Every structure is written in structure tokens, then in C-alpha cells.
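Below is one structure, written out as C-alpha cells; comments come after it.
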Amino acid sequence: MSLEYELDSYDFELPAELIAQHPPEQRHGGRLLVTRRDGSSSLDAQITDLPRLLPSGSVIVVNNTKVVPARLLGHKPSGGRVELLLTSPLGDTHDRMDDHLVITKSNKPLREGQTIAIEGGASAIIRSIVGPGRALVDLQGAESLSALLEQCGRVPLPPYIRQGTEQRQDRQRYQCTYASKPGAVAAPTAGLHISQSVIEGLEQAEIDIAALTLHVGPGTFLPVRVDDLRDHRVLSERYEISSQTAQRLNMAVQQGRPIVAVGTTCVRVLETLAQSYPRGEIQAHKDTTSLTIRPGHEFALVNGLLSNFHLPKSSLLVLVSAFAGRQRVLRAYRHAIEERYRFYSYGDATLWL
């Protein structure tokens with residue numbers, strides 16, 4: 001089997017102190033490692049340099065999904081602690097209280113029929129166990145799901161960020177400036193760097209900004225559990241393309257303008273569109289995508305990628321490597337470690353051109 005398909009060949013060692021525990025003081029205060037995919041150059045820069053670094057005439061595509069406080073903490077009748085992460089479709093059109101799929105964490109497996117007392121005054125009844133660490137639950141204690149999550153929910157920060165007392169800050173900073181469509185259980189973290197001043201800089205540089213929606217679900221962050229990447233499948237996630245964004249993308253293709261994706265979520269949607277509309281003329285629509293990008297994928301719409309530093313042996317690192325080349329990506333990551341870049345969700349960023 002080629003190294004390109006071996007999961008172990010996407011591994012690297014990261015000192016724990018380089019895992020960012022907090023966002024930078026200013027949203028656009030991170031560093032930016034810029035790498036040319038042809039290997040011609042690499043540059044240590046700042047997020048604020050983004051407008052001048054992008055190719056002239058670029059269209060930059062962002063994901064405007066909004067993270068919902070989908071993490072619920074509670075206790076079993078015995079007193080044991082339980083964590084529930086809602087993964088069912090969330091958002092304005094999915095406000096029901098029953099039949100929610102959750103990822104569970106507890107010291108002992110949960111049982112059907114148990115009632116979990118949720119911190120904040122709600123409760124969850126375990127309807128059925130659907131797999132290891134996964135269950136269907138009915139929620140009680142509020143008029144609607146959105147009301148319950150506002151009352152009891154916590155920001156679903158990734159496990160490598162130590163859970164502290166800064167929930168108020170996290171509700172603002174673990175959310176993109178332009179987030180407007182509730183439904184994600186994790187942030188599209190490349191977009192966390194884009195402040196209003198960066199947006200203004202992009203506009204002044206005459207770089208168009210187009211927004212799509214992909215509601216980030218567990219498929220984005222669940223670990224890869226196969227040795228051969230050809231056997232891995234990313235779970236489906238919901239996306240939406242507006243007529244305005246469809247028009248901007250069609251014009252960019254017709255005019256030969258570079259399309260730069262902000263984050264791997266945008267890459268998945270854009271490349272899904274390329275497969276759905278191989279002759280061009282993308283249409284406004286809603287759908288789901290289970291596109292799994294691995295080495296050998298021929299990128300049809302994406303010409304550049306702004307991305308955070310990803311976990312070793314993750315599907316996101318594989319996607320970036322498919323775009324920029326595995327050895328080039330791992331070499332850039334080694335440089336970032338040597339230069340003490342900050343990694344993961346609240347960390348610094350990379351730009352692949």
C-alpha cells in the first residue's frame with residue numbers, strides 16, 4: 001500500500017504546550033504560514049497580511065454556519081457525571097425535543113430508560129443505545145430545543161481545550177464573525193481568524209467574499225479508525241448554497257478567477273458542487289455531502305485554502321495533504337513546530353496557494 005493511503009504516514013509529534021488553549025487577544029492576531037503548492041516558496045506572515053497575499057481577483061469562500069451550545073452536562077441517578085453532545089440536525093427548522101442522537105461520555109455505559117439530570121434544570125431520557133458512546137434521547141424541561149440549549153447548553157469545545165470557566169468568551173470567540181445559520185456542533189475554525197477589519201481589508205483589495213453553509217457535524221472531527229484511507233468514509237453533513245453564492249462561483253469559473261476556500265468544510269462543499277455540476281452553472285439548493293477527500297482527488301473548484309493546523313492522523317490533515325501534498329504539508333508542520341506556532345482550533349493558520 002502506498003504511503004499516501006496509510007493512516008500512520010500522517011502522524012507527527014506535537015509538544016503539548018503548542019496546543020492553543022485560548023484564542024488570541026484579537027481575532028486577527030494569529031500567525032499565518034504561507035506555502036506554495038509548487039514548492040517555490042514559504043513565508044511566515046500574519047493573518048492581517050491575508051488581503052495582500054491572495055491572488056488578484058480571488059473569490060474567497062466562507063462557511064457561515066453558527067455553532068449551537070450543543071454540549072449538555074448532567075448526572076445519572078447514581079450521581080455519576082454524564083456528558084451529552086447533540087449531533088442530530090440542529091437549527092431553526094429542527095427545534096423538536098424528542099428523538100435526538102447524542103454522543104455520550106460517562107464512567108459506565110448508559111442504559112435504556114435512564115433519566116439524566118441536566119445542569120441548568122432540564123433532563124434527558126435515554127430512549128435507546130445505538131452504539132458505543134451513542135444514544136437516542138428525549139429532552140425535557142423547556143418549550144423547545146433552542147430554549148433548552150440557551151438555558152443549559154455549553155459551547156462544544158474540542159477535548160484538547162481544557163474546559164475552564166471562560167464560557168462567556170468561548171460563546172463569542174468559538175464562533176465566526178459572519179456566523180448566521182445555526183446548526184453546527186463544531187466551529188469551522190479557519191474562519192475564526194476573519195475579523196471585521198480583515199473583511200474590510202479583503203474588500204479594499206477587491207477580493208469578493210462568498211458565503212455558503214455547511215453545518216459541521218461529528219463526521220468532521222471523529223477519528224479515522226482504518227489503516228487504509230481508501231476505506232474511510234466521512235459522515236454526511238448538511239449544506240446550503242444561495243443563489244447569490246451560486247452566481248458568484250459561476251462567474252469566477254467563467255472568468256478564470258481563483259477560488260480560495262476558508263477551511264476544509266468549504267472545500268468539501270465546493271468539490272461536491274464540482275461533481276454535481278460538472279458542466280458549470282451551479283444552482284441554489286440544499287443537500288447533504290459525504291464527500292471524503294483523500295490522495296488522488298482531482299480538485300476542480302478550489303485553487304487555494306486557508307486552514308488551521310490539524311490533528312495528526314485526522315481526516316482534515318489528509319484533506320489538506322490531498323490538496324497540497326503529504327510531504328509538503330508535514331514539512332510545513334515541522335517548520336511550524338520549530339517556530340512555535342500555536343496549533344488546532346484556537347491556534348494559528350496556514351495558507352496554501
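The values are calculated or read from the model by the stated rules, or taken from the named source; none is laboratory data. Small disclaimer: the values here were computed from a predicted structure and weren't measured. Note that each Cβ is placed from the backbone with ideal geometry, even for glycine, and that neighbours are counted across all protein chains shown.
I need a count of the residues in segment 299-322 that are assigned to a helix (DSSP H, G or I) and in contact with a helix residue (DSSP H, G or I) (Cβ under 7 Å, 6 or more places away or on another chain).
Narrowing segment 299-322 to residues assigned to a helix (DSSP H, G or I): 315-322.
Now narrow it down to the ones that are in contact with a helix residue (DSSP H, G or I) (Cβ under 7 Å, 6 or more places away or on another chain): 316-321.
Selection size over segment 299-322: 6.
Taking each residue of segment 226-239 that is assigned by TED's automatic domain parsing to the domain that holds residue 181 and looking for partners that are among the polar types (S, T, N, Q) and part of a helix (DSSP H, G or I) with beta-carbon atoms closer than 8 Å, six or more apart or interchain, yields 232/315; 234/220; 234/315; 237/220; 237/265; 239/272. Note on segment 23-60: residues that are surrounded by fewer than 15 Cβ atoms within 10 Å (Cβ to Cβ) and assigned to a helix (DSSP H, G or I) total 1. The single condition from (1) under 23 Å from the mean Cα position of the chain (by Cα); (2) without any contact (Cβ under 8 Å) to a residue 60 or more places away in the chain; (3) surrounded by fewer than 21 Cβ atoms within 10 Å (Cβ to Cβ) that residue 145 fails is (3). The test for being surrounded by 15 or more Cβ atoms within 10 Å (Cβ to Cβ) and either free of Cβ contacts under 8 Å to residues at least 40 places away in the same chain or closer than 21 Å to residue 54 by Cα (or both) holds for residue 299. Out of all the residues in segment 37-54, which are in contact with a strand residue (DSSP E or B) (Cβ under 7 Å, 6 or more places away or on another chain) and modelled with pLDDT under 95? Result: 37, 42. Of the helices (runs of 4 or more DSSP H) contained entirely in segment 206-284, those carrying at least 2 residues that are among the charged types (D, E, K, R) and surrounded by 22 or more Cβ atoms within 10 Å (Cβ to Cβ) fall at 264-276.
Report, by residue number, each residue of segment 332-352 that is assigned to a helix (DSSP H, G or I) and either under 15 Å from the mean Cα position of the chain (by Cα) or of a type in the set (Gly, Ala, Ser) (or both). Within segment 332-352, 332, 336 meet the criteria. On the stretch given as segment 21-44, residues that are touching a residue at least 40 places away in the same chain (Cβ under 8 Å) and of a type in the set (Gly, Ala, Ser) total 3.
Only one of the listed residues (96, 71) is under 30 Å from residue 178 (Cα atoms) and exposed (fewer than 15 other Cβ atoms within 10 Å of the Cβ). That residue is 96.
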